[in-house]
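*Asks:* Here it is, the structure, as structure tokens.
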Amino acid sequence: MFDFSKISELQIPKIDLSNIEWPRFDLSRIRWSQIPKLRIGDSVAKLPIVQGGMGVGISLSGLSSAVANEGGIGVIAANSIGMLDRDYYAKHRDANVVALRKEIRKAKEKTSGIIGVNIMVAVNDFHALLMVAIEEKVDMVFLGAGLPIKGIPVEELRSARVKVLPIVSSARAAGLIFRSWVKRYQDIPDGVVVEGPKAGGHLGFKEDQIDNPDFALERILPDVVAEIKTYEDKFNRAIPVIAAGGVFTGADIYNFFKLGASGVQMGTRFVATHECDADIRFKEAYISCKEGDIEIIKSPVGMPGRAIRNKFLMDISAGKKMDHKCAWRCLKSCEIKTAPYCISLALDNARRGDLEKGFAFAGSNAFRVDKIISVKDLLQELQKQYLCAEEKGAGRLRREYEKALEKLVSLKEEYLIGVSSLKDEYEMGIEKGIATLREEYLRSMDKISSLKNKYLKALDNANFLKKELIELFEQYSLFKRLNTEEI
């Protein structure tokens, strides 16, 4: 029989929170010492900043080497680079090959830093320019204005240790390039530049997409990062995504890093530097322009572009056709017979400072440029702005953390009150439960006793019936024997 007298000895479980140490971190001791580096394959840039390739002749050996010397990635623009040669119209496409090779070598003489080349896929001498970059063993090539899928000399690129970074404007384009590379070359590019609609020059967007928030860099960047992540996992390689188009301050860099970028590409900021290869009058066009002067134009090659409005563009908009001579059909999509001007010639004129016969491409933030500074000063300014933004972000995090701690203390007090109340209810519940159990036990014992009595009574009946059955059996045996004797 269960001894209910021992119920009082049962112990109710207790939880003691008084000794728990609630975590508290001193974020003020963290030192935000430097901006992250940018790793592209085995190339590591001290600064995660790529100087955008700007043609015609805006970013050559002068600008690219200056950026590379300060720890960034300097980029030479190959588009119509042969126009630097006075005999361009006689040499045609050969002038581009010669000029690109010359600028790459000049840049390498000035720096041991990272030098890249920007090549437009859409130009007719794309493969010739790409081979020059391979032969000169530049660190990397940035391939835009088209999809670098067919006829890419991947083996030659790998042998020369030249990294490849396509420039895209959507996750769809990035996925198409990577899938095609896997199928054709059993390889993938080394990184991706995703350029938003705030960039200068030709844009990879339709006119109605340029101001549409759904196509803003902040919206498309995470999609590209997610798309590329699948290939990182599959090939077990880090594939940096570089944000471009509208990046102006160090705070912008910090914000794009939070969205998944590993680096940024900037063009507009580098125009107003002493080292930029353009004429001073080209740079002054940036400094003197206002926000309303920056407009979207329709390029002769059929793409929208962003430029600084001037008399040349206003004349074109009014229907005026400029006299021009085509050296050769450098762009596949250019309809030179109906084009109002030669865009390569217009850009080269502007590069030389003759803005009456040309215009300046520029990013949406060009109006914010107010002075010409050195590349070194610019990069230092961007680093300080980045670190300031990072510290502000840490400050916000600290405030959120301290609020969370306050909430934790409040929850602790509520918990202790709840445990105390629960204990009282638990003890009352145990007492009620024991009483109920005792009653059920006693009822069960009564039932067992009743069943025992019924069993004993049934056993007595069985013994009585057994006795009667034996007597009947004996009588039957006697009766059978007597009948047998008579017969």
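The values are calculated or read from the model by the stated rules, or taken from the named source; none is laboratory data. Keep in mind the model is a prediction, meaning the values are calculated, not measured. Glycine gets a Cβ as well: all are built from the backbone with ideal geometry, and neighbour counts include every protein chain shown.
*Asks:* Take the conditions modelled with pLDDT of 95 or more and out of contact with any strand residue (DSSP E or B) (no Cβ under 7 Å at 6 or more places or on another chain) and apply them to residue 290. Does it pass?
*Replies:* In short, yes.
*Asks:* Still on this structure, please answer the following. In the stretch 152-188, what residues are aliphatic (A, V, I, L, M), in a loop (DSSP other than H, G, I, E, B) and closer than 15 Å to residue 138 by Cα?
*Replies:* If the condition is that a residue be aliphatic (A, V, I, L, M), in a loop (DSSP other than H, G, I, E, B) and closer than 15 Å to residue 138 by Cα, then 160, 162 are the ones that fit.
*Asks:* Could you pull out the residue among 282, 235, 256 that is farther than 14 Å from residue 199 by Cα and at pLDDT below 95? Outline the logic, then answer.
*Replies:* Details: 282 fails: at pLDDT below 95; 256 fails: at pLDDT below 95.
Within the list 282, 235, 256, the selection yields 235.
*Asks:* Somewhere in the stretch 308-318, is a residue acidic (Asp, Glu) and modelled with pLDDT under 85?
*Replies:* no
*Asks:* Can you pull out every residue in the stretch 224-254 that is out of contact with any helix residue (DSSP H, G or I) (no Cβ under 6 Å at 6 or more places or on another chain), in a helix (DSSP H, G or I) and buried (at least 17 other Cβ atoms within 10 Å of the Cβ)?
*Replies:* 225, 228, 252
*Asks:* Here are the criteria: (1) in a helix (DSSP H, G or I); (2) at pLDDT below 95; (3) under 21 Å from residue 199 (Cα atoms). Tell me which single one residue 402 does not satisfy.
*Replies:* It is condition (3) that residue 402 fails.
*Asks:* For the subset of the stretch 345-380 comprising residues that are over 28 Å from residue 88 (Cβ atoms) and of a type in the set (Asp, Glu), which member is farthest from the chain's Cα centre (by Cα)?
*Replies:* My answer is 370.
*Asks:* I've got another one for you. Please count how many residues of the stretch 32-57 are among the hydrophobic types (A, V, I, L, M, F, W, C), within 19 Å of the chain's Cα centre (by Cα) and under 22 Å from residue 363 (Cα atoms).
*Replies:* Total satisfying the criteria: 3.
*Asks:* Please go through the stretch 280-308 and give me each residue that is in a loop (DSSP other than H, G, I, E, B) and surrounded by fewer than 18 Cβ atoms within 10 Å (Cβ to Cβ), ordered by number. If you could, list the steps in order and put the result at the bottom.
*Replies:* First pass over the stretch 280-308, keeping only residues in a loop (DSSP other than H, G, I, E, B): 289-290, 299-303.
Correct list: 290, 302.
*Asks:* Residue check: is residue 439 among the acidic types (Asp, Glu), at pLDDT 75 or above and surrounded by 13 or more Cβ atoms within 10 Å (Cβ to Cβ)?
*Replies:* It is false that residue 439 is among the acidic types (Asp, Glu), at pLDDT 75 or above and surrounded by 13 or more Cβ atoms within 10 Å (Cβ to Cβ).
*Asks:* Looking at the stretch 271-304 only, could you name the residues that are of a type in the set (A, V, I, L, M, F, W, C), within 11 Å of residue 58 (Cβ to Cβ) and in contact with a Leu (Cβ under 6 Å, 6 or more places away or on another chain)? Please lay out each step first, then the result.
*Replies:* Of the stretch 271-304, the ones of a type in the set (A, V, I, L, M, F, W, C) are 271-272, 276, 278, 280, 282, 285, 287, 289, 294, 296-297, 301, 303.
Applying the additional criterion that residues be within 11 Å of residue 58 (Cβ to Cβ) yields 271, 276, 278, 282.
Selection gives 276 alone.
*Asks:* With the requirement that a residue be surrounded by fewer than 21 Cβ atoms within 10 Å (Cβ to Cβ) and at pLDDT below 95, what does the stretch 47-72 give you?
*Replies:* The answer is none; no residue qualifies.
Listed here are the residues, each with its yes/no results for (1) surrounded by fewer than 17 Cβ atoms within 10 Å (Cβ to Cβ); (2) within 25 Å of residue 239 (Cα to Cα).
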{"position": "104", "(1), (2)": "no, no"}
{"position": "108", "(1), (2)": "no, no"}
{"position": "126", "(1), (2)": "no, yes"}
{"position": "156", "(1), (2)": "yes, yes"}
{"position": "171", "(1), (2)": "no, yes"}
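*Asks:* Right, something else. Out of the stretch 124-138, which residues are outside any loop (DSSP other than H, G, I, E, B) and within 30 Å of the chain's Cα centre (by Cα)?
*Replies:* 126, 130, 133, 134
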